Structure formats: C-alpha cells, structure tokens
Amino acid sequence: MIKIQLSPFVALCIVGFFARLSYAMARTPVLPLFALALGAKPQAIGFLVGASTITGIFFKLPAGTLSDIYGRHKMLLLGMFVFGLTPFAYYLVTNYWQLVSIRFFHGLATSIYGPVAMAMIADTAGGQKGERLSWFSSITITGNLLGVPLGGFILYHLAGENTPSLDHFHIAYLIYGIFGMIALFFALRFLTWGKILLSSPLEKGEIGRLQKFSKGIKEVISDYRVIITSNMQGVQKLSLGTLEAFLPIYAVTIAGLNIFQAGILWGSQIVTTILAKPIMGKISDRYGRKSIVFYGIWICAISLAVIPFTQNLYLLLFLSMAFGIGEAFVTSSSAAMVTEFCKERHYGAAMGVFGTIFDIGHASGPILAGLLLAYLNYQHSFLIIASILVLASFVFNFSVQEKTPVFVKEV
C-alpha cells in the first residue's frame with residue numbers, strides 16, 4: 001500500500017480548499033436568497049449573513065491563543081468537524097430563526113480553523129510570511145471561487161426558472177454537505193495519521209496554562225500597531241460583507257440578472273483575488289507592506305461606491321474584479337504585517353486578534369448595509385460604507401510604521 005505524505009503547508013491548503021468550497025456553496029448567493037424565501041426583510045438578511053461571522057468575533061481570539069498552549073492540531077481538527085457536519089443541519093430549516101441559529105454554529109468552523117492554520121504557517125514561514133500566507137489564502141479562496149457559482153448553479157438547476165422553494169434549498173444544502181465531508185476526510189487522513197502538525201509545548205498544570213493564555217492575549221492586544229493594522233483588514237471585510245449580502249440581491253432584483261449570473265459576478269471578484277494575492281505577498285516580503293495595504297483599501301472603496309450606479313453585467317464584472325484586486329492588496333500584506341509586530345510564541349493570539357477584528361468588520365458589513373438600505377437607496381448606502389474605508393486608510397497611514405523588509409536590509 002502506497003503511503004502518501006504531505007508537508008504541513010500542502011496539507012493545510014488541501015483541507016482548506018475543500019472546507020471553503022463547502023462553506024462558500026452554503027453562503028453566497030444561496031444564503032440571502034434562502035432568507036428571502038423565508039420572508040426575511042433587508043435588515044434581517046443582513047443580520048443573517050453576518051451571523052456566522054459574529055461567531056468569529058467571540059471565538060477566534062480564544063481559539064488562536066489556545067493553539068499556542070495546547071498545540072495547533074487539536075484545534076484544527078475541531079474546526080474541521082464543524083465544517084464537515086454542519087451543512088446537513090440546513091435540511092431541518094423551516095423558519096428564519098432556525099437558519100440564524102445554524103449560521104451562528106457554522107461560523108465556529110472558520111473561527112477555529114482560520115487563525116490556527118495561519119499561526120501554523122507563520123511558525124514555519126520565516127521571511128516568507130507574506131508569500132506563504134498569500135498562497136494559503138489564494139488556494140483556500142479557490143474553494144470560494146468554485147463554491148459560489150457552483151452553489152448558485154445547483155440551486156438554479158433544482159428550481160429552473162421558477163422561484164426556489166424550501167425543498168429546493170433543503171436538497172441543495174444536502175449536496176453542499178457532501179463537500180464538507182470530503183474536507184473532514186482529508187483532515188482526518190492527513191492531519192492525524194501523518195502527525196504533520198507541530199504542537200506548542202504545554203505548560204504544566206491548568207494554572208500555568210491559564211497564565212499563558214492571559215499573558216498572550218494581553219501582550220498582543222496592548223500593541224496599537226496590531227490593532228490598527230488588523231483594523232485595515234476589518235474595514236476591507238466591512239465592504240466585502242456588504243457585497244456578499246447585497247450584491248446577489250442587487251444583481252437579481254435591480255440589475256435583472258439570474259441566480260447563476262449573480263454567482264458568476266461574485267466569482268469574478270474571487271478569481272482576481274486568487275491571481276493577485278501571491279504576487280502581492282511576495283512583493284510585500286521584499287519591498288514593504290504598508291503602501292500595498294493603503295492603496296488596496298482605496299481600490300476597494302472606489303469600486304464599492306461605483307457598483308450601484310450600473311446595471312450592466314459587464315461593468316459589474318469589471319467592478320467586481322477591481323474590488324478583488326483591492327482585496328488582494330490588503331489581505332496579502334496585513335496578516336504578515338501583524339505577525340511581525342508580535343513575538344513568535346504568540347502567533348496564535350496575534351492571528352486570533354487579527355481574525356476577531358476581521359470578523360467584526362465582516363459581520364458589520366451586511367448588518368450596516370441592511371440598516372442603511374432600509375432607509376436609503378443602494379447608491380447612498382454603498383457610498384457611506386466606502387467613505388468609512390477611506391477614513392480608516394488615513395488613520396493607518398499616519399499612525400503605523402512598519403519594520404524594514406528583510407530584502408531591503410540585505411541590499
């Protein structure tokens with residue numbers, strides 16, 4: 001029997017790909033449309049889309065910090081069980097609040113897996129943190145790239161030209177669950193049997209562990225550079241969450257596109273992010289990260305503000321791709337920049353703080369947009385959110401100084 005062995009980095013990427021594939025199929029554009037079929041209003045839809053992200057606000061920091069203490073592999077496997085089993089629970093949904101409850105629980109998957117996997121990569125990446133974290137993110141985002149249009153296509157195939165019914169959504173989520181089980185299988189096969197994941201040394205006794213937990217959190221959150229830099233990712237995700245929740249609805253109800261086209265529209269954003277991220281990560285490793293983050297926020301802000309001023313499919317595709325480039329700029333550099341501000345033994349806590357602020361922004365986007373859309377049109381609502389990004393970019397630019405890149409030092 002041939003025994004396959006994978007490096008920690010490759011194994012994390014494979015598992016992350018299938019996990020994100022299943023998660024994306026269950027989220028956009030199907031989830032907002034599921035809520036719409038249940039009779040939810042814009043405010044309720046925004047809250048629903050943000051529900052799973054709200055979970056991350058409370059669990060990413062503890063998950064990352066606990067991985068510093070107990071080791072990465074235990075926390076990673078816990079997250080993968082949530083990824084693999086939760087999609088099947090959507091089959092039981094018959095009302096809005098049931099859907100909200102499941103979304104909250106489903107959010108545990110990314111809340112645990114995200115910061116712990118990133119900390120694992122930071123442990124071993126050395127001076128290539130930007131490039132390695134970007135490759136990991138791009139590969140897992142590829143799951144989003146395929147999951148978004150595939151999820152929309154499955155629902156479209158089930159419903160045809162008719163309005164999807166609850167039965168159509170139930171069947172679709174059973175299919176999405178199969179992909180979640182594939183992710184769980186790979187996690188059990190390559191993250192357990194091969195024992196490829198490193199564990200952090202344990203403190204003896206529960207008191208020692210509690211002290212280490214507390215110390216790690218205090219040292220990370222007391223560094224204003226970590227907070228402000230993480231906030232750049234947070235405001236970028238504010239705009240991303242806005243588009244995740246309401247771009248599909250805008251595309252279908254105002255621009256006149258069908259469900260499958262709405263999925264393709266979002267997929268175009270993802271593919272540009274995938275292509276640009278590793279390149280920008282490598283550039284940031286060599287020449288610095290701050291300016292890349294700053295200009296990336298501006299690209300996101302401008303494209304977000306312009307989207308509701310057109311109903312043309314091709315212009316919407318262009319703007320979605322521009323937003324994806326801006327996202328690649330910000331996300332390729334911000335996480336690596338955060339790790340460089342903290343001590344190596346606290347990478348898990350740092351990624352937990354980063355992920356918490358990330359999720360605050362991601363959750364706030366659809367909630368804020370939903371509230372704005374209850375009183376304003378798409379143009380004014382998106383413009384207000386874009387203005388928040390611009391303001392945050394100036395705060396970051398004038399308050400944070402980055403370390404000199406390794407490449408520049410060598411030169």
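The values are calculated or read from the model by the stated rules, or taken from the named source; none is laboratory data. Note that this is a predicted model, so its numbers are computed, not measured. FYI the Cβ positions are ideal-geometry reconstructions off the backbone, even for glycines, and counts take in every protein chain you see. These area figures cover heavy atoms from the full protein model, side chains too; ligands, DNA and RNA do not enter into them. Shrake-Rupley method; radii C 1.70, N 1.55, O 1.52, S 1.80 Å.
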With a probe of 1.4 Å, find how much accessible area the chain has per residue, and write the answer as a whole number in Å². 40
Cα-based radius of gyration of the range 226-304 once divided by 2.2 N^0.38 Å, which approximates compact folds: 1.29
Can you tell me the convex hull volume per residue for the range 24-77, based on C-alpha atoms, in Å³ to the nearest whole number? 84
Would you please put 383-394, 278-289 in order of how densely packed they are, using the mean number of other Cβ atoms within 10 angstrom per residue and starting with the highest? 278-289, 383-394
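Would you list the membrane-span-like helices of the chain, meaning whole DSSP H runs whose alpha-carbon atoms span at least 30 Å along their axis and whose mean Kyte-Doolittle value is at least 0.5?
Result, helices passing both filters: 42-70, 96-125, 129-159, 166-188, 224-253, 259-287, 313-339, 347-373, 378-399.
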Expressed in µm² per second, the diffusion coefficient of the chain from the Stokes-Einstein equation, with Rh the Kirkwood radius over alpha carbon pairs, at 25 °C and 0.890 mPa s, is 116
Could you please state how large a percent of the accessible area of the range 1-152 is carbon and sulfur, counting protein chains only and using a 1.4 Å probe? 72
Surface share of carbon and sulfur [accessible, 1.4 angstrom probe, percent] for the range 273-341: 73
For Val10 and Leu391 in one chain, what is 0.36 nm times their gap in residues minus the Cα-Cα distance, to one decimal in nm? 133.4 nm
Report the gain in length on full extension from Asn312 to His170: 0.36 nm times residue separation, minus Cα-Cα distance, nm rounded to one decimal. 47.9 nm
Computed, not fitted: 222 nm per-residue ellipticity of the chain from DSSP H runs ≥ 4 (each -39500 (n - 2.57)), nearest 500, equal to -27500 deg cm²/dmol
Could you tell me which of the pairs Lys129/Lys237; Lys74/Lys290; Lys237/Lys290; Lys60/Lys129; Lys41/Lys237 are separated by over 28 angstrom between their Cα atoms in the structure shown? Lys74/Lys290
